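Before any comments, here is the structure.
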Amino acid sequence: PPRSTLFPYTTLFRSLQKSIEDITVKLGDARVDKHEDTRRRKKQEIVETFKSMYSGVYDRMINMCHPRHSKYKVAVTKVLGKYMEAIVVDTEKTARSCIQYLKEQMLEPETFLPLDNIDAKPIRERLRNIRDPPNVHLLYDILEFRPKEIQKAVLFCTNNALVCDSQDDANRVAYDLEKGQRFDAVALDGTFFT
């Protein structure tokens, strides 16, 4: 057939090919989401198993600790980092029992925060009085957590880190707030100076 009659078929073929590529990408994303949901569900099942076996298991930090306002989510995630998924327990003995269970069941390793054995630094009260730059808060102060018994774990994870509105403010607070002093500071966008 002449070239002019092939044009509509070529356009149709390209359109169908583009649709197939889009569907393939969506299917890939759906598989990743399904895998992530399954992983998250299994991790929560492990905590529920621990709770039923040992009385001193609280939960994962991520389930007990939340920012008071959504604008702080990225900053909180950045500072808490690996401890977001950590399991808070009452004692080192409980943590060891849980670790033994994980080994026996050949499950993935977990991070535990035993309240009787973590070294949490006390809050530096003077950091609550920073006025320049404005809107600087202790990360600890912008969090809500329950139960109150996990306070030591929250103090340990936040480590007197400060939250600032901008990268410039966080940089200034981290390095220039007090001569000879350095502070952990995070901007709302997650830029972390440590």
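The values are calculated or read from the model by the stated rules, or taken from the named source; none is laboratory data. Note that the coordinates shown come from a computational prediction; the quantities given were computed from them, not determined experimentally. Quick reminder, even Gly has a Cβ in these numbers, built from the backbone with ideal geometry, and neighbours come from all protein chains shown. Note: areas computed on protein heavy atoms with side chains; ligands, DNA, RNA excluded. Shrake-Rupley method; radii C 1.70, N 1.55, O 1.52, S 1.80 Å.
Using only the alpha carbons of the chain, what is the convex hull's orientation-averaged projected area in square nanometres?
For the Cα atoms of the chain, the hull's average projected area reads 18.1 nm².
Please turn the phi angles of region 124-133 into ³J(HN,Hα) values with the Karplus equation 6.51 cos²θ - 1.76 cosθ + 1.60 (θ = phi - 60°), one per residue in order, whole Hz, x for glycine and proline.
With the stated coefficients, region 124-133 comes to 8, 4, 5, 6, 7, 9, 6, 10, 9, x Hz.
In Å², what does the accessible area per residue of the chain work out to with a 1.4 Å probe?
65 Å²
Roughly what angle does helix 167-176 make with the longest principal axis of the chain, taking Cα atoms, 0 to 90 degrees, to the nearest 10?
30 degrees
Counting only other residues whose beta carbon sits under 11 Å from that of K78, what net charge do I get with K and R as +1, D and E as -1?
-1
In whole percent, and with a 1.4 Å probe on the protein chains, what portion of the accessible area of the chain is carbon and sulfur?
So the carbon and sulfur contribution to the accessible surface is 52 percent.
Give me the extension gain from Q100 to N63: residue separation times 0.36 nm, minus the current Cα-Cα distance, reported in nm with one decimal.
11.0 nm
For L139, L27, write out the residues from largest to smallest accessible area, computed with a 1.4 angstrom probe and no ligands counted.
L27, L139
Could you state how much accessible area F145 has, in square angstrom rounded to the nearest 10, with a 1.4 Å probe and all protein chains kept in place?
So the heavy atoms of F145 present about 10 Å² to solvent.
Whose amide H sits under 5 Å from the amide H of D184, counting only residues 5 or more places off or on another chain, with H placed in the peptide plane?
L162
Which net charge results for the neighbourhood of D176, defined as the other residues with beta-carbon distances under 11 angstrom from its beta-carbon, given Lys and Arg at +1 and Asp and Glu at -1?
-1
Within region 74-95, what residues put their amide N at less than 12 Å from the label point 7 Å along the Cα-to-Cβ vector of N117?
89-95
Net charge around I150, counting only other residues with Cβ within less than 15 Å of its Cβ (Lys, Arg = +1; Asp, Glu = -1)?
The answer is -1.
Arrange the residues K152, K18 by how much accessible surface each exposes, largest first, with a 1.4 angstrom probe.
Final ranking, largest accessible area leading: K18, K152.
Counting each DSSP H run of 4 or more residues in the chain as -39500 (n - 2.57), what helix-only mean residue ellipticity at 222 nm follows after dividing by all residues, to the nearest 500 deg cm²/dmol?
Calculated from helices alone, the mean residue ellipticity at 222 nm is -16000 deg cm²/dmol.
Per-residue HN-Hα couplings for region 178-183, Karplus 6.51 cos²θ - 1.76 cosθ + 1.60 at θ = phi - 60°, whole Hz, x for Gly and Pro?
9, 4, x, 10, 10, 10
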